[in-house]
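Notes follow the structure.
The values are calculated or read from the model by the stated rules, or taken from the named source; none is laboratory data. Since the structure is predicted, the reported quantities are computational estimates derived from the model, not experimental observations. Positions of Cβ are backbone-derived with ideal geometry, glycine not excepted, and every protein chain shown enters the neighbour counts.
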């Protein structure tokens, strides 16, 4: 005699249940969010610089709709490079022209920053010959 197993005897495995419509909506929202990253990198960083209206350090966008700026404490105009003074990284929320400062700040030392474009690298960033 052959033992028959029913579906009730099999171990229960949780499987997500969703409709195709839900999947399309989630994928569309995710792609739209990630697609805004390029706009944040080009237009968002420019808008934040225009809002501040003064000389700022390195500007970057690590995630969509968020721009970080390294606040310059001392800028040596003759050597065109950042000096080794501690400074603060400020974060801004950007949404297609609307800019507001976020309540987060981070203290960053000059030695931990990567070279700012247009400035020579620090001694720690040079390759050994």
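Here are the numbers:
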| read-out | value |
| --- | --- |
| Residue 102 in a helix (DSSP H, G or I) and either at pLDDT below 90 or within 19 Å of the chain's Cα centre (by Cα) (or both) | no |
| Qualifying residues in region 17-67 (those that are touching a residue at least 24 places away in the same chain (Cβ under 8 Å) and more than 16 Å from residue 95 (Cβ to Cβ)) - the one nearest to the chain's Cα centre (by Cα) | 58 |
| Count of region 53-99 residues which are outside any loop (DSSP other than H, G, I, E, B) and either surrounded by fewer than 11 Cβ atoms within 10 Å (Cβ to Cβ) or modelled with pLDDT under 65 (or both) | 5 |
